[in-house]
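A quick write-up on the structure given underneath.
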Amino acid sequence: MNKIEHIGIAVKNLKESNTLFGKLFGEPHYKIEEVASEGVNTSFFKVGENKIELLEATKPDSPIAKFLEKKGEGIHHIAFDVTDIEAEITRLKSEGFKVINETPKKGADNKLVAFLHPKTSNGVLIELCQEIKSEIKK
Ligand code: ZN
């Protein structure tokens, strides 16, 4: 794993939290993106070299809605940047980690993502992300 890519925070109301975190960081979010397949609306903040992602549920059966119901607002996941997500999934599986997405999927912020189940990582939901490189790049 290369570095922490971002930290994800589950919020009830993205609009209100965008204002709140904008005040906290002294700078507004730089983008909002819906990931319809996951039932989430996300916003991203830059804090120096780091990124914070806020996540709001867009439907009642969204994983974020379930998280909020069970645990309330707060830190939801830590995302790590990886160079080769498929190799990392294979490696982590062989180390005994439970992988939620055996096949990486398209996440927010132009990334391929896969999650590890918090059960096998001391209660921490881990997201692996690999930047999607444009295939027509020369
Ligand atoms: Zn994330």
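The values are calculated or read from the model by the stated rules, or taken from the named source; none is laboratory data. Only a predicted model underlies this, so the values are computations on that prediction, with no experimental measurement involved. We place every Cβ from the backbone using ideal geometry, glycine too, and count neighbours over all the protein chains shown. Protein only, heavy atoms only, side chains kept; ligands, DNA and RNA dropped before computing areas. Shrake-Rupley method; radii C 1.70, N 1.55, O 1.52, S 1.80 Å.
Using a Gaussian network for the chain with springs between C-alpha atoms less than 10 Å apart, which of these wobbles most: L92, L128, L24?
L24
When the accessible area of the range 1-107 is computed with all protein chains present and a 1.4 Å probe, what percentage of it is carbon and sulfur?
On the range 1-107, the fraction of accessible area on carbon and sulfur atoms equals 53 percent.
Express in whole angstrom the spacing between the alpha-carbon centres of the range 81-137 and the range 1-60.
So the two Cα centres are separated by 19 Å.
Could you identify which residue out of A87, A108, A65 has the top mean-square fluctuation in a GNM of the chain using Cα springs shorter than 10 Å?
A87
Can you tell me, using C-alpha contacts under 8 Å and at least 6 residues apart, the relative contact order of the chain as a whole percent?
Over the chain, the number comes to 24 percent.
Using 7 Å Cα-to-Cβ label points, what is the K105/N122 separation (nm, one decimal)?
2.8
Could you list, in their original order, any pairs among K15/K105; K3/K71; K23/K133; K31/K98; K31/K93 whose Cα atoms are separated by more than 29 Å?
Long pairs (Cα-Cα over 29 Å): K23/K133; K31/K98; K31/K93.
Taking only the alpha-carbon atoms of the chain, what semi-axes of the equivalent ellipsoid follow from 5 times the gyration tensor eigenvalues under a square root, in whole Å, largest first?
24, 19, 14
For a Förster distance of 30 Å, can you work out the FRET efficiency between the beta-carbons of D61 and K23, rounded to the nearest 0.05?
Efficiency, rounded to the nearest 0.05: 0.40.
I want to check the label-to-label distance for S94 and F80. Put each point 7 Å from Cα in the C-beta direction and report it in nm to one decimal.
1.6
How much accessible area per residue does the range 38-94 have, counting only protein heavy atoms and a probe of 1.4 Å, in square angstrom?
That works out to 54 Å² per residue.
Please find, in a Gaussian network model of the chain (springs between Cα atoms separated by less than 10 Å), the residue of N122, N101, N41 whose mean-square fluctuation is greatest.
Its mean-square fluctuation being the largest, the pick is N122.
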